[in-house]
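Structure, as structure tokens:
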Amino acid sequence: MQKIEVVLKNEAGLHARPASQFVREANRYKSEIHILKDDIRYNAKSIMSILSSGVEEGSKFIIQAEGEDEKEAVKALQALVDNNFGEQENET
Amino acid sequence: MFNFLKHTTTKKLWIKAPFDGQIIQLEQVPDKVFAQKMVGDGIAINPRGEWVTSPVEGKIVQIFPTCHALGIKTNEGIEVLIHLGIETVKLKGKGFMPLVEKGQAVCVGDRLMRVDWDYIRENAESTISPIIITNGSKVRKMQVLQYGAITAGQDILMITLSND
């Protein structure tokens, strides 16, 4: 199993747009992928689950993957969060 | 032994309006995340009244921490997201009073939440509320049954389930 802790920089939290990007990326991998926040597990492949995690700006969460492509999955999702989902600072 | 079940007609599911209001195409929702169907396909309603009632029979799978959205899984396995207003995550729960809990079974028409739309109108981007199927892979076809004015409980979407 692979896991890594990340910090969300996104201003409005893991809201619909970044959440849908995150879920789309997660679904490219065969591994079981979850995020952990406050010890609660959310399925990274379900938009409903990720949206309801309520991850806010500045809060930490863990990306965890288990399966044949777990390394690639964690790396790709970490990059997405670290790059702030490619969001522009001035986007409304 | 139950092979004959596979030959039954395709399953259909009707989604009802969770509130009175005006039906709007998803493409016209003033938030591109919904308009571009990034969260999933569905419909939106500009609501009236104060109650949000269940559009399906199923189970509450998610109530968002800020109460601005909730998810219901139908007995057929379809996940319905009701997102109350646009940019309402920023209200931090103000204006929303949930009446159900996660895990609770609900019937069509059960009251799920009380919403102060006047407050939402003044403090958020819009009251327009997308109603989205978030696990579209289980949907073969989605048909919008009505546009314009709608009353809570009326059929708004007909879902044809994929056979798998």
Kindly write out, for region B:99-109 in residue order, the coupling ³J(HN,Hα) from the Karplus curve 6.51 cos²θ - 1.76 cosθ + 1.60 (θ = phi - 60°), rounded to whole Hz, with x marking Gly and Pro.
10, 10, 10, 4, x, 6, 7, 10, 9, 4, x
Estimated dipole of the protein assembly as shown in Debye, rounded to 20 [Cβ of Lys and Arg +1, of Asp and Glu -1, Cα centre]
760 debye
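When only C-alpha pairs under 8 Å and at least 6 residues apart count, what is the relative contact order of region B:57-101, in percent? Please list the in-between numbers first.
Values: 62 pairs, mean separation 16.1, N = 45.
Once normalised by length, the contact order is 36 percent.
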Where is the GNM fluctuation largest for chain B (alpha-carbon springs, 10 angstrom cutoff): B:PRO98, B:PRO47, B:PRO30?
B:PRO30
A student applying the Cα gyration tensor rule (rounded when a/c is under 1.5; otherwise prolate if a/b is larger than b/c, oblate if not) would label region A:1-44 oblate
Residue-wise HN-Hα coupling along region B:147-157, computed from phi with Karplus coefficients 6.51, -1.76, 1.60 (Hz; x: Gly, Pro):
10, x, 5, 9, 10, 3, x, 6, 5, 10, 10
Amide H of B:GLY85: which non-local residues (sequence gap of 5 or more, or other chain) have their own amide H closer than 5 Å, using H built in the peptide plane?
B:SER129
Residue farthest toward the positive end of the dipole of chain B, with Cβ of Lys/Arg at +1 and Asp/Glu at -1: which of B:ASN123, B:HIS83, B:THR160?
B:THR160
Only four residue types carry charge here, +1 at the Cβ of Lys and Arg and -1 at the Cβ of Asp and Glu. Report the dipole size of region B:1-95 about the Cα centre in Debye, rounded to the nearest 20.
180 debye
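Using Cα pairs closer than 8 Å and at least 6 residues apart in sequence, work out the relative contact order for region A:13-58, in percent. Walk me through the numbers on the way to the answer.
Numbers: 51 pairs, mean separation 21.7, N = 46.
That works out to 47 percent.
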Which whole-number percentage describes the relative contact order of region B:20-161, with Cα contacts under 8 Å and a sequence gap of 6 or more?
31 percent
Alpha carbon centroid spacing (whole Å) that separates region B:51-97 from region B:112-127
14 Å
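Kindly state, as a whole number, the per residue volume in cubic angstrom of the convex hull around the alpha carbon atoms of the protein assembly as shown. Intermediate results must be reported in sequence, preceding the final value.
On the way: hull volume 35.0 nm³, N = 256.
Here the figure is 137 Å³ per residue.
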State the percent of C-alpha pairs, over all pairs in chain B, separated by a distance greater than 25 angstrom.
26 percent
Filter B:LYS16/B:LYS73; A:LYS37/B:LYS94; B:LYS16/B:LYS94; A:LYS30/A:LYS71; A:LYS3/A:LYS60; A:LYS9/A:LYS60 down to the pairs with a C-alpha to C-alpha distance above 18 Å, please.
A:LYS37/B:LYS94; B:LYS16/B:LYS94
Cα-based Rg and Dmax for region A:12-92, where Dmax is the largest Cα-Cα distance (Å)
11.9, 39
How are the C-alpha pair distances of region B:74-139 spread across 10 Å bins, as whole percents from the shortest bin up?
18, 45, 31, 6
From the backbone phi of region B:42-48, what are the Karplus-calculated ³J(HN,Hα) couplings (6.51 cos²θ - 1.76 cosθ + 1.60, θ = phi - 60°) in whole Hz, Gly and Pro given as x?
x, 8, 10, 10, 8, x, 10
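Every number here is computed from the coordinates shown, using simple stated rules; none is lab data. As the structure is a prediction and not an experimental result, all values here were calculated from the model. Virtual Cβ from ideal backbone geometry, glycine too; neighbours counted across all protein chains shown.
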